[in-house]
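I have placed the structure first, in the form of structure tokens, so that the comments after it can refer back to it.
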Amino acid sequence: MLSEAQRQRLIAERCWEIYDLITRTFTVQPEFTSEFLELAEQALITGALSLRIQIEPDRFLQIEEEYDFRERELIIETYSYLLLNQALEVVIRADSLPHHQRDYRKRRLPHFPHHLHDEKGRIRSFTGRVEDFVSEVMTRLAHG
């Protein structure tokens, strides 16, 4: 069983992994660091990280993760990763809710329950990794 301090350390490490990913990948506003500190502190209290950051003038990245613990490990219990347009409408979304077992071609999702909703509303396989979602976002931004 993990102590509260151990749990908080694991959540803090996850928060800083996400911070590092975002700041390495996107040009962020100077105030993002101080805003992120508040979000990370909230994650320590609630066991969930929730953030939205503007990554282009007309695009936002939203990351929602809820945490649990097994053995001595942090588990991302549920997540939702979104690319939003300027009106905050979903462009693409990945999540771990078990409401889809098959992709748009009726094939079983190899990483169930992880899946991605693309801009055409189709369901695709997804690994469940935030790094892979950010790569997907970067590919879409590069292709307009």
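The values are calculated or read from the model by the stated rules, or taken from the named source; none is laboratory data. All of these numbers come straight from a predicted model, not from anything done at the bench. Glycine gets a Cβ as well: all are built from the backbone with ideal geometry, and neighbour counts include every protein chain shown.
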* Structure fact -> All-but-one check, ARG72 against (1) free of Cβ contacts under 8 Å to residues at least 60 places away in the same chain; (2) out of contact with any Asp or Glu (no Cβ under 6 Å at 6 or more places or on another chain); (3) over 22 Å from LEU21 (Cβ atoms); (4) not acidic (Asp, Glu), failing number (1)
* Asked: So which pairs qualify, if the first residue must be in region 78-99 and in contact (Cβ under 8 Å) with a residue 24 or more places away in the chain and within 19 Å of PHE112 (Cβ to Cβ), the second must be of a type in the set (Asp, Glu) and surrounded by 17 or more Cβ atoms within 10 Å (Cβ to Cβ), the Cβ gap must be under 7 Å, and the two must be at least 6 apart or on different chains?
  -> TYR79/GLU65; TYR79/ASP95; ILE92/GLU136
* Asked: Of everything in region 120-144 that's within 19 Å of PHE60 (Cβ to Cβ), outside any loop (DSSP other than H, G, I, E, B) and among the small types (Gly, Ala, Ser), which residue is farthest from the chain's Cα centre (by Cα)?
  -> ALA142
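Would it be correct to say that HIS99 is at negative phi, in contact with a Phe, Trp or Tyr (Cβ under 7 Å, 6 or more places away or on another chain) and modelled with pLDDT under 95?
Details: at negative phi: yes; in contact with a Phe, Trp or Tyr (Cβ under 7 Å, 6 or more places away or on another chain): no; modelled with pLDDT under 95: yes.
No.
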* To do: Could you check, for region 69-86, whether at least one of its residues is surrounded by 15 or more Cβ atoms within 10 Å (Cβ to Cβ), farther than 17 Å from VAL134 by Cβ and touching a helix residue (DSSP H, G or I) at 6+ places or on another chain (Cβ under 8 Å)?
  => yes
* To do: Assess whether PHE133 counts as being of a type outside the set (A, V, I, L, M) and under 22 Å from PHE32 (Cα atoms).
  => yes
* **Tabulated pairs, region 110-134, first within 17 Å of GLU89 (Cβ to Cβ), second assigned to a strand (DSSP E or B) and aliphatic (A, V, I, L, M), C-beta under 6 angstrom, 6+ apart or interchain** => LEU116/ALA94; ASP118/ILE92; GLU119/VAL91; GLU119/ILE92
* For PHE112, work out the one condition from (1) hydrophobic (A, V, I, L, M, F, W, C); (2) loosely packed, with under 12 Cβ neighbours inside 10 Å; (3) more than 14 Å from the chain's Cα centre (by Cα) it doesn't fulfil. => (2)
* Asked: If you go through region 93-119, how many residues are closer than 16 Å to GLU64 by Cβ and either assigned to a helix (DSSP H, G or I) or among the basic types (Lys, Arg) (or both)?
  -> 1
